1. Can you give the relative contact order of the range 260-400 as a percent, counting alpha carbon pairs under 8 Å and 6+ residues apart?
2. At a 10 angstrom cut-off on C-beta neighbours, averaged per residue, how do the peptides 124-132, 574-582 rank from highest to lowest?
3. Among 37-49, 884-896, 914-926, how do they line up by average Cβ neighbours within 10 Å per residue, starting with the highest?
4. Treat the count of other C-beta atoms within 10 Å as a stand-in for reagent exposure and order ARG381, ARG58 from fewest to most.
5. Hey, can you rank 391-399, 785-793, 314-322, 934-942 by average C-beta count inside 10 Å, highest first?
6. Once a ≥ b ≥ c are taken as the square roots of the eigenvalues of the Cα gyration tensor of the range 174-230, is the result rounded (a/c under 1.5), prolate (a/b larger than b/c) or oblate (a/b not larger than b/c)?
7. Could you derive backbone 3J(HN,Hα) for the range 252-269 from the dihedral phi with the Karplus parameters 6.51, -1.76 and 1.60 (θ = phi - 60°), listing whole Hz in sequence and x where the residue is Gly or Pro?
8. Please list, ordered by chain and number, the residues whose modelled amide H lies under 5 Å from the amide H of LYS677; skip anything fewer than 5 residues away on the same chain.
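Bear in mind that the values in this text are calculations on the coordinates, not laboratory data. The structure displayed is predicted, hence computed values, not measured ones. Using ideal geometry, Cβ is built from the backbone for each residue, glycine included, and neighbour counts are taken over all protein chains shown.
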Amino acid sequence: MSLSFAQIQQAWQAQDPSLVDKLCLLATQVDDIPESPIPEHELTFDRFLDKIFSHQFREQHPEVQFAERVAMIAKLEADEGVYPLPDRYKIHITLTALWEDGSAYSRAILKQAITALPVSYGAWKGLKRIYKQAEFSQDYEIFGQIAAKIDLQRFNQTANSAVSLATKTYMSLRAWRYLRQLGQQMPIGYIDAAVCVLASYDETMTAGSLAQTNSWVLNHICFHNSLDYGVNRFSSRSPRKLFDAKGRAFSEAWQRDPEPLIQLLAIAKNEAVRQFATDSLKHDFKTQLRDVSGETLQYLSAGQAHSKARDEMIVWLLENSPHFEKSKFKTLGLHQVVLQLLHSHYPAAYQYAIGYAKSYAQDLSLTELMLLAMSDYEPVRAFAINSILSRDPVADIGVNGWGQLLDTEHHYQTASKQLSKHFTRRDLTPEWFFERLTSGRTHSVKFAIKKLPELYSAKELGTEYFIRVAQQLDIPEQQDFSAYNDSDCMDFALDQLRRLDLSQVNAAVWQMLLLHPLSQSTITDWFDEDVLSAATLDMSYWHALAYEPDWQVSEYIEQLKSADTLIKNWQKHLAFDEYLAENVRDWLSDVRRFAPIDLGFDWLMNLAHSEQALYREFAIERINKGFLPADFVAYLDSNEDASTDNASSNSIDNKGSDSSAATEVDLTGQRYLFTGKMQSMTRGEAEKVVKAANGAISGAVNGKLDYLVIGDDGSPLYGNGRKGSKQVKAESLIADGAPLKIISETAFLQMLSGQSREVSEDDTFAGANALWHMATDDATAPISELAISYLSHHHEQICMALTDRPVDPDAIIPSSFFNAERVIPLLQHRNSQLRDFGLLLSKYEMATWQTTPALWLMMAESPYTDITQLLKRALLDKPSVANRRYHVQSAQLNAGMLNALIESKARVARQIGITLLQRHANFQDVQSLYRLTQSTDHEVRYAAVTMLWKHYKTRHVSPNWQPASSDSKDKDAARDKDNSAQPVITEQSDKRLASLPAEADQLLMLLRRGLFELPPGRLGGSQEPSTSDSNKHKNQRYSDKNSASPQSSDTSESDSNITLKPISASRAKLALIETFRDVALADSTFAALIMPTLFTFTHSAGKMERHACLVAVTRLLHRYPELCKNLQPVASA
């Protein structure tokens, strides 16, 4: 709350008793921040301080400094500027007005304000002015208050920034100077002023403390003649009493009259000062005080409570006065004075009072004795309990009196014995025990826990009694209740409740107790053990406990925190508990308690959108288990159309709300068999449930079986990953067309509760499509994780691989949904999660794809190694059980696919294309191979020439040829198998091979034409494709990948020849020579065939071809020296 100075003025005029509190609030109030920056020429209080403390200002003459300070302060206080002085700096106006008013109200408020206000600029101006006027008018009371305040805070660093040490030191020096002048000129006035100063010192100061040793005025009063002191401070000494008979200033003045010291003892705030007064009285007036009056003792007794110094003085006066006899204390009015000493902290005082009370105060009230029984001092407690035991335990003390003693640390055993011995059920009522149980007192709670069951049974008291006890219990403010008594009481109340019928208890009670810190652990165990049914509590309550965003907006939680009744500590500190949330999510995951549909589809989808993994994982697991793909269509529609939202929520969420009601399900004519470990019940219990619903149990898996139910607990696989015989046989029957269905335990429970649903294939496809968009539209969105998981767990084969369990028949997403046009683009996605998902789908679906060359090329050119490795295995590995789901059969290949792969810029793609071409002779068209010899890629040219040579080699037999032995064939086969660069090509019969030239010389025509007919220089005009053509060609590869069906693509491209981009004539000539050379280096027969032609062109006029042929001939001769005989130029054709 912010206050203005105008409000302070109104409070003073109205004589508001809380004016001091308002002044203190204003003094510590933070100044308002201006909306716009204050111009530099405007004077503010902070700028005023900066200026007067600056070095430049301090170098001026003191009179100049004073004049400028006065002028600036006047300007600040004028309230005429745009930026007036903050209201907290105007407190001095109110203080001055209170001083000048002089009324009883004003003086009382002023004295309180002097004590309470901080020494800050606003208050300081008023305090300093009042101090000077009080000094002048000899108002010792006000003077003493201000002098003591400044003296104690002189070295206070927290206040040092507001008022300088020099200023406060000046005021302290001035105060002592004034006192000293009084002592010299008017000793009586000095004593009165000194008493007012001493009486004003704060109670927090102790003898020997830093505040006391740093004081100036106090030390002068007490030690002026005995301690060394400098200009503004005394030398430090060890802790000591303030009284020093010789060291105190003006000691003769103190010895004139005891009345000022008696007054100081009665009104002083500080115990050290009161001790100073006691010591002074005993030292200076030992004889005179023998005649002290009873009124003086009554006056002292009415002073500060629990003062050792005061009680010491009272006992000293009672013992040293011959006029005070104990038998006359009542007459003298000293009876209550002495009895008050029973509460003293001074041992001699309470011992004196005990001795007196035993003889003259045996009629002390029970209330007084109860207070004394809880004293901190053993003699007083012993006196009190003995007095209590001397009275009648039933008539005088009663059940309530012993109940109070039961709460004490020292007398609980005595009270327990008395209660057990003298009181019965008639006295110890359930309500009396209720008060003890909820008292929070250790011994009262223990007694009630032990005694209540002895007198009353749990059934007799009823559930309401123990619920009321539990609701009354609370935690301490510090929330540390590990050893708190209410914890034991809560355990007792819940233990008694456990003995009763809990089904009749309102669910709201369990909702509250589950959140109560003292009962949470036990109630959690009860839900775990199914003592309480989680399904009886409202689902929105579970949502709030399981999901923190729902907790923040829960109406129930908000009502609990802001209840109309008195809010308890545990409600104030109520916060979302992740440990409890984890337990709640475990309960919500338990199909014995909740079917997935009970949780609400929309709520689970909210969790699936969460950024926190633990929420997403919970939602994914529940949605995977309990919902169909079609449910996602309704969910997406609900987010797009508000009207559809109501319909969809009714169609999905409301199904869960009705699930708790008993649903009659008729299983007549349906036969069931169970396998695997059940999670919600045993097999025997499941069979009983089926029979109760008119269903039948089959003894084995056969054609008459309708449902094979696989338990949800653990894996249905046996050792080494083998399926159970029942599941294997059921899958075999299904493959043969049997109407049998394999379902999960969750689907079985939904069937029993009437929640099973059948949807059309179109709805399933629509739901799968919605999921696909969730997964791929934003791969970084949390919902993508749910969609990927759901699609994976509802793929028939992938689900079995991930969970060892089949998908429920109604929830299977057809394999046809995961076609190449959907999946292959995922393999190129930058997001690793989507890419891995696409890779997983490819491993299970690639064998069924009939796709376009562009999509095959997209996979082959992937920058991700795992994608290209999968493609290699699919296209190049032999068929096996392991790769049956992704192995690509020969029938799926076509010339268009090979053309796309061989033309690719990616080496991996070209290698795959070459290998496929080598393995499948039906694609090795001679004209296409001739064109491949003109490729820019060396590996492609090499493979083309090699394939051409192998075809011609079958028509050309070397004179030295002999059949190879079986051993050499095996060795060659093994070597070729290891050599991935040159794979073995299995020769296959093909009708096109019959059209090959009859003589090997025809093969040389390729080399000769390349050397003779192509000019040595580059042909005019570029034959290489332009950049725009290249980009256009590239775009055509990937465009319209989903527009045409794979069948139509294969039909249009199956008969097309393999084409190449043209290259320049010179590059083609050099490439041809290098390729023929490399093939010849690997085959001596081929080397002998082409050597004459190459040697002929070593004499060519064309420099480029001449050098190329020289290099080729040289390398061949180095490899095959015997070819020297063939170095005869060939006649030109």
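1. 17 percent
2. The peptides rank, most packed first, as 124-132, 574-582.
3. Result, highest mean first: 914-926, 884-896, 37-49.
4. Exposure proxy ranking, most exposed first: ARG58, ARG381.
5. 785-793, 934-942, 314-322, 391-399
6. Taking the square roots of the gyration eigenvalues as a ≥ b ≥ c, the range 174-230 is oblate.
7. Result, ordered by residue: 4, 5, 5, 8, 6, 8, x, 4, x, 6, 4, 4, 4, 4, 7, 10, 4, 7 Hz.
8. GLY711, ASP713
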